[in-house]
């Protein structure tokens, strides 16, 4: 039974294919949580009184620091396109810097302006900053959906499909433990992986599968548990290992459906990422122009 559990546990993880690096994901979440906490606390405190003077002292230099961080965001796309910049380190480190500065810069600028828009020019500059920051977070989400790591290695249908394959040995083990489970999984695979015609259907697919896949996983897990309970009544061996087998089978179902969903969503996320570029770059250029006007206005008047 231990061998069966091992097969089920790693059924959708072929040799050489690992999961995403958990420390990077945890660090990113911790950074976003810290930034959200800093923004929340700053907004609450500044409702009563201004913390700094935007034109002098700490307030002024917070604005300089925030603007500098936002300006350095341009270095990441330059690093990807200019060959001579390849000697300056791997792309993944530049991507991380791009994301950190893209979050830290707006936070500093919010403290610089005391979380309150001033003149029309100040309001436009602040709005552009927040648009770029929000757009960047959306871009990072889409980027990680179509790349397997931070080195810029794009996922392919073939590569992702390998993670969903069920070997003959695994198939026989699953059929012995939970009859009809593979047939139910295969039916869902065919439905999800079918071609979705039309631009809107393709773009809406991730939102549709977010609900459909979770519901199917719930029904398959319930079916597997019910079947294993019936098997346990007939077999003392299954009865002794039923809890462990339920956990292993449910993990197999979740892993398989997650990989199938990613295969189906890849084309949608590629289109969404292309559309995101169309909006993100104009937002950034708007920010550059608004920031230059803001700096000139502050120092000239």
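The values are calculated or read from the model by the stated rules, or taken from the named source; none is laboratory data. In this text the structure is predicted, and so the values were computed from the model without any measurement. Neighbour counts are summed over all protein chains in view; Cβ atoms, including those assigned to glycine, are modelled from backbone coordinates with ideal geometry.
May I ask you to verify whether residue 77 is assigned by TED's automatic domain parsing to the domain that holds residue 284, modelled with pLDDT under 85 and surrounded by 13 or more Cβ atoms within 10 Å (Cβ to Cβ)?
Yes; evaluated as a whole, the condition is true for this residue.
Search segment 287-301 for residues that are farther than 18 Å from residue 69 by Cβ and pair each with any residue that is assigned to a helix (DSSP H, G or I) when their beta-carbon atoms are under 6 Å apart and the residues are at least 6 apart or on different chains.
293/121; 297/121
Could we say that residue 251 is under 20 Å from residue 174 (Cβ atoms), part of a helix (DSSP H, G or I) and at pLDDT 80 or above here?
In short, yes.
Kindly provide the set of residues from segment 25-55 that are in contact with a helix residue (DSSP H, G or I) (Cβ under 8 Å, 6 or more places away or on another chain) and at pLDDT below 80, ordered by number.
28
Could you tell me whether any residue of segment 228-236 is outside any helix (DSSP H, G or I) and modelled with pLDDT under 85?
First, pick out the residues of segment 228-236 that are outside any helix (DSSP H, G or I): 235.
So of that shortlist, the ones also modelled with pLDDT under 85 come out as 235.
Within segment 228-236, one or more residues are outside any helix (DSSP H, G or I) and modelled with pLDDT under 85.
Filter segment 104-123 down to residues that are outside any helix (DSSP H, G or I) and on the phi < 0 side of the Ramachandran plot and give me whichever is surrounded by the fewest Cβ atoms within 10 Å (Cβ to Cβ).
Here is the first cut: in segment 104-123, the ones outside any helix (DSSP H, G or I) are 113-119.
Remaining after also requiring on the phi < 0 side of the Ramachandran plot: 113, 116-119.
Numbers: 113: 22, 116: 14, 117: 14, 118: 13, 119: 11.
Ranking the candidates gives 119 first.
Using the structure shown, decide if residue 126 is free of Cβ contacts under 8 Å to residues at least 40 places away in the same chain, buried (at least 19 other Cβ atoms within 10 Å of the Cβ) and more than 21 Å from the chain's Cα centre (by Cα).
So residue 126 fits the description; yes.
What about residue 59, is it at pLDDT 85 or above, closer than 20 Å to residue 290 by Cβ and either part of a helix (DSSP H, G or I) or touching a helix residue (DSSP H, G or I) at 6+ places or on another chain (Cβ under 8 Å) (or both)?
The answer is yes for residue 59.
In segment 206-238, how many are touching a residue at least 40 places away in the same chain (Cβ under 8 Å) and over 30 Å from residue 265 (Cβ atoms)?
Final tally of qualifying residues: 4.
Here is a list of conditions, (1) surrounded by fewer than 14 Cβ atoms within 10 Å (Cβ to Cβ); (2) modelled with pLDDT of 85 or more, and residue 21 meets all of them except one; can you say which number that is?
Single failed check for residue 21: (2).
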